Structures are given as structure tokens and as C-alpha cells.
Amino acid sequence: MADVLELNGHSLKLEDIAQVARCNKKVRLDPSAEAFVERSASMVSSWAEQGRSIYGITTGFGDLASKAIEPGKSAQLQENLLKSHACGVGEPFPEDIVRAVMLLRINTLIRGFSGISLGALGQLVNFLNEGIHPVIPCQGSVGASGDLCPLSHLAITLLGLGEVTYRGKRMETAAAMDLAGYKPITLGPKEGLALNNGTTVMTGIASLVLWDAISTVKQADIAAALSLEALKGVPYAFDPRTHELRPHEGQRKVARNMLRLIQGSEIVEKHKSDRVQDAYSLRCVPQVHGASRDGLEYILQKINIEINSVTDNPLIFPAEGEAISGGNFHGQPIALAMDFFGIAMAEIGSISERRVARMVDHKLSGLPPFLVNESGLNSGFMIPQYVAAALVSENKVLAHPSSVDSIPTSANQEDHVSMGMFSSRKSLNILENVRNVLAVEMLTACQGIDFLSPLKPGAGAAAVYEHVRSRVPFIARDELMYPHIGSLQDMIRTGELTEVAEQACGPLE
């Protein structure tokens with residue numbers, strides 16, 4: 001892996017975003033792309049000097065587009081834009097999201113259709129590489145003229161305004177610039193608009209949450225395999241012949257994963273003649289998990305397009321000498337995709353909780369009530385199932401689509417908005433809830449497997465079981481449960497359980 005990521009606006013990948021956002025990988029501009037940036041900025045400057053009527057360059061913004069602006073006031077116009085629009089509220093985004101946003105903004109501007117100068121763009125690159133992270137409040141975008149409000153909080157820092165985090169401290173931007181040796185920039189004729197207009201924030205969030213979800217769904221298969229073992233499930237529903245007759249790719253992958261994880265299971269072998277089919281939460285794992293995986297593939301397609309797109313307005317076409325006001329800033333593609341994300345991931349949590357509920361119910365599982373000896377005196381795994389149920393119910397509300405809502409802004413000039421920012425923001429909560437539900441399921445399933453000893457699970461499931469048991473003990477009697485759930489949360493977050501399973505049973509899909 002190269003030490004520095006070179007950006008040209010065309011080839012950014014999800015893995016690159018994760019590396020820059022979370023591993024502090026540095027970036028640089030592709031020299032061959034810089035000529036396009038310079039040509040676009042030069043053309044915008046000449047138009048401003050001529051007084052040519054172009055939206056946001058020699059006019060006001062939004063419903064004020066009919067107001068002409070004198071050429072000599074172009075810098076003030078752009079600065080006023082950023083100051084007035086930087087009015088967000090709520091908690092600031094964490095640094096990994098801020099870094100993803102900075103990266104995506106650089107990647108769209110390097111395309112050379114936005115009219116920004118290399119000087120302004122270079123300042124943003126320097127901030128990202130130096131670790132000067134703008135403080136960006138999480139609320140205030142309706143996702144239509146892009147993420148105007150949060151991007152303005154990013155952009156004002158290039159002028160030495162607002163706040164940043166630097167060297168582990170939150171401080172005034174001017175103080176951080178003094179420490180790092182940078183000077184505030186002066187904005188050119190379209191640079192404020194180039195910096196704050198586009199879908200960058202909602203897409204930055206979406207990119208990181210999708211990256212995490214792709215890891216999480218593999219671990220959902222592992223959790224299901226552990227539960228199948230604990231519930232003495234039968235393997236017939238994973239027969240590849242079934243899935244070739246309904247060849248959804250996600251469904252086929254999950255069925256193969258399940259067979260791989262339980263291969264060689266003494267538990268399954270002993271009990272596979274007990275019945276011909278299981279309850280849906282076990283039997284339909286390929287269909288449910290698989291449909292969610294196919295949903296993530298669709299979302300990945302949309303994000304791959306968006307992270308290499310130009311989404312501000314107006315767009316500058318130097319070859320034709322034109323500026324075109326369009327609607328690439330509208331967040332509908334990401335809003336719909338991330339609403340779909342919420343539904344897809346909520347279903348992963350929903351079916352997981354049903355498996356937990358079966359394991360703690362002795363009438364369904366054949367295991368001790370609530371998976372503990374001396375039940376009555378001990379409550380065992382009763383309340384972890386409550387926790388899973390609570391999180392699943394939260395996700396039912398959060399999965400309601402944001403994109404079906406719209407509220408007019410800018411005196412009805414912007415009369416249909418995407419609400420894409422909230423589609424992305426709530427996906428963070430949905431994913432975290434799902435991870436916690438899976439943590440409860442894995443903890444519960446490992447407890448259930450203990451009651452089936454000396455029979456052993458399949459190789460992949462057994463390896464994960466042993467890894468969990470190396471950090472979380474069998475619960476013989478009631479004790480504090482939250483530290484154990486926390487341990488599973490950590491394992492899921494790092495993805496280590498997938499690595500453990502794959503070492504034992506081969507790659508999971």
C-alpha cells in the first residue's frame with residue numbers, strides 16, 4: 001500500500017476513505033489534474049472581471065439569484081456566504097467522519113469543474129495531512145443544495161475562522177494555524193460556493209458506515225451459525241441446490257458461509273434427524289441476511305459513483321466557456337440509498353433478536369430456562385434478550401425513510417429537498433444497534449453451546465466459540481453482564497471474529 005494516496009477525482013475507493021479517515025493516511029493531488037483546476041479557476045476570474053451574470057459568482061444565492069453583485073465585491077460575497085451558512089447545531093462529528101468529508105471534498109474539487117484555485121484546494125489538503133480537523137456540527141443540512149451548513153463549517157476554517165481540533169485539543173482555528181504555520185486564504189470569485197455546495201458530508205458518513213456494515217454482515221452469519229449450533233438446528237436449508245433455484249447472490253453467499261461454519265459439527269450431526277426443518281430465524285438466514293447483503297451491494301454502487309462525482313453548482317466547463325446551473329447537489333441518490341441501508345441493516349438485527357429469544361425460551365430451545373442453572377434464583381440471559389428487543393424496536397423507528405419527507409427552503413426556490421443528511425446520520429445509530437444485538441446473540445449462543453458439551457460445533461463456529469471463551473466465561477450464576485456484552489462489542493467492531501473463523505474454516509464471502 002502506498003504511503004500517500006494520490007487524488008485525481010476519478011479513482012477513489014471505499015477502502016481509501018477508511019484508510020485516510022481512520023489510519024491518517026496522507027493525500028496529494030495528481031499533478032496531471034492540477035491543470036484542469038487552474039484552467040477552471042482562471043476562467044471564473046475572467047468572468048467575474050467582465051461582470052458576466054453567473055449564479056453565485058456575480059449574483060446572490062438561492063432566492064437572491066436575481067441580485068447582481070459588483071465585480072469588486074466577489075471575495076466579500078464568497079466570505080459572506082460561508083459565514084452566514086455556518087450556523088449548524090448539535091454535537092460535532094467525530095474526527096473520522098470529518099476526515100472522510102475533507103477527503104471527498106478534495107476529490108470532487110480536483111476534477112476542475114468547480115472554479116476553485118489550487119491555493120484554496122492546497123490549504124484543504126494541508127489541513128487534512130496536518131490533522132487540523134474542522135469542528136462540524138451534525139445538524140443543519142436538508143441535503144438539497146448539498147450539505148451547505150456543515151460544509152460551511154469546514155470551509156470557514158480555511159479562512160482562519162471557526163474552530164478545529166488539533167493535536168488532541170479543540171481550539172480556535174487561528175490558534176491552530178499559528179501552531180502549524182499556515183495563513184488564512186482569501187477567496188476567489190466562486191471558491192466559497194465550490195467549498196460548501198455538494199453532497200460531501202452525507203456521502204462521507206455513508207462511506208464509513210457502509211465500510212463497517214460490510215464487515216458486520218459477515219459476523220451476522222457467524223452469530224447465526226453459533227445460534228444454529230446452540231439450538232441443535234438442522235443443515236438442510238443451506239443445501240446449495242435450493243439456492244441455485246433462486247439465485248440471488250447474497251442468498252447463495254450466506255448459505256455457503258453457513259455450511260462452511262458448521263462443517264464437521266458434532267452437534268448438528270447428532271441432531272439432524274430430529275426434524276426436517278427449523279423456525280424461520282434459522283432456516284431463512286440465507287434469504288434474510290442475503291437480501292440485506294444485496295442491498296449493501298446496491299448502496300456500494302451508488303457510493304462509488306458519488307465519491308468520484310462533481311456535486312456543486314454552477315459547474316464550470318472551461319472547454320466550452322460555459323457555466324451551467326444544474327442540480328447535482330441534490331442528495332436524493334444518497335438519501336434513497338441510505339434509507340435502504342437502514343432497512344437492510346435493521347433486518348439483520350431483527351432476525352438476530354428472534355434467535356436470541358428462541359435460545360432463552362426453554363420450551364423452544366430444550367435448554368435450561370434463560371440458559372442458567374438454578375433459574376428462578378438466577379435470571380441468567382433474560383434481560384440481555386430485553387436489551388436486544390429494545391434495540392430492534394429503536395431501529396424500527398430509525399429505519400423509517402427520511403427521503404419521503406421534504407420541506408421547502410430559501411423562499412421556495414429550493415422547494416424539494418432530499419433529507420439525505422439524516423438518512424446517513426441515522427444509519428450510524430442503526431448500525432451500532434445491530435452490532436450490539438449481534439453481541440448479545442453471540443454471548444447467548446456461546447452459553448447455549450456450553451450446555452451441549454461434550455459435543456463440539458463445526459470448525460468455524462468452534463473457533464469463534466473458543467475465542468469468545470478466552471475473554472468471556474461461562475455464566476454459572478448471575479453476575480454483571482454488561483462487561484461481557486462490551487467484550488463482544490469490541491470483537492465485532494474490530495472484525496476479529498471473522499479472522500478467527502476464516503483461519504478455521506476458510507474464507508467467508
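What follows draws every value from the coordinates through simple rules; no lab data is involved. Note that the structure is predicted; figures quoted are calculated from it, not measured. Neighbour counts run over all protein chains shown; Cβ positions are idealised from the backbone, glycine included.
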Task: Table column - 3J(HN,Hα) (Hz), region 422-436, Karplus curve with 6.51, -1.76, 1.60, x for Gly and Pro - done: 6, 4, 6, 4, 5, 5, 4, 5, 4, 4, 4, 4, 5, 4, 5
Open item on the list: At a 10 Å Cβ-Cβ cut-off, how would you order T186, T216, fewest neighbours first?
Closed with: T186, T216
Open item on the list: When a/c reaches 1.5 or more, the comparison of a/b and b/c decides; with that in mind, is region 13-120 rounded, prolate or oblate per its Cα gyration tensor?
Closed with: oblate
- [ ] Just report the Cα centroid separation between region 80-113 and region 450-500, whole Å.
- [x] 40
Task: Over region 365-486, relative contact order from alpha-carbon pairs under 8 Å, at least 6 apart, % - done: 30
Open item on the list: Below 17 Å, Cα to Cα, which lysines can K396 reach? Residues fewer than 8 away in the same chain don't count.
Closed with: K426
Task: Label point distance in nm, D30-K169, each placed 7 Å from Cα along Cα→Cβ - done: 4.0
Task: Separation between Cα centres of region 321-379 and region 215-240, rounded to whole Å - done: 16
Open item on the list: Nearest 5 percent is fine: what portion of the DSSP beta bridges confined to the chain is antiparallel?
Closed with: 75
Task: Antiparallel DSSP beta bridges within region 4-198, percent to nearest 5 - done: 70
TODO: Please report, in debye to the nearest 20, how large the charge dipole of the chain is about its Cα centre when each Lys and Arg carries +1 at its beta carbon and each Asp and Glu carries -1 there.
DONE: 660
- [ ] Rank the residues E353, E394, E79, E322 as a footprinting-exposure proxy: fewest other Cβ atoms within 10 Å of their Cβ go first.
- [x] E322, E394, E79, E353
Task: Estimated 222 nm signal from helices in the chain, with DSSP H stretches of n ≥ 4 weighted -39500 (n - 2.57), rounded to 500 - done: -18500 deg cm²/dmol
Open item on the list: Under the rule of at least 5 residues apart or a separate chain, name every residue whose amide H is placed under 5 Å from the amide H of R28.
Closed with: L5, E6, L7
Open item on the list: Using Cβ counts within 10 Å as a stand-in for footprinting exposure, how do Y280, Y166, Y465 rank, fewest first?
Closed with: Y280, Y166, Y465
Open item on the list: List the lysines whose Cα sits under 23 Å from the Cα of K26, skipping any in the same chain fewer than 8 residues away.
Closed with: K13, K169, K183
Task: Proximal lysines relative to K456, as straight alpha-carbon distance under 30 Å, when same-chain residues fewer than 8 apart are discounted - done: K218, K232, K253, K270, K272, K363
Open item on the list: Whole angstrom only: what separates the Cα centroid of region 10-69 from the Cα centroid of region 123-175?
Closed with: 17
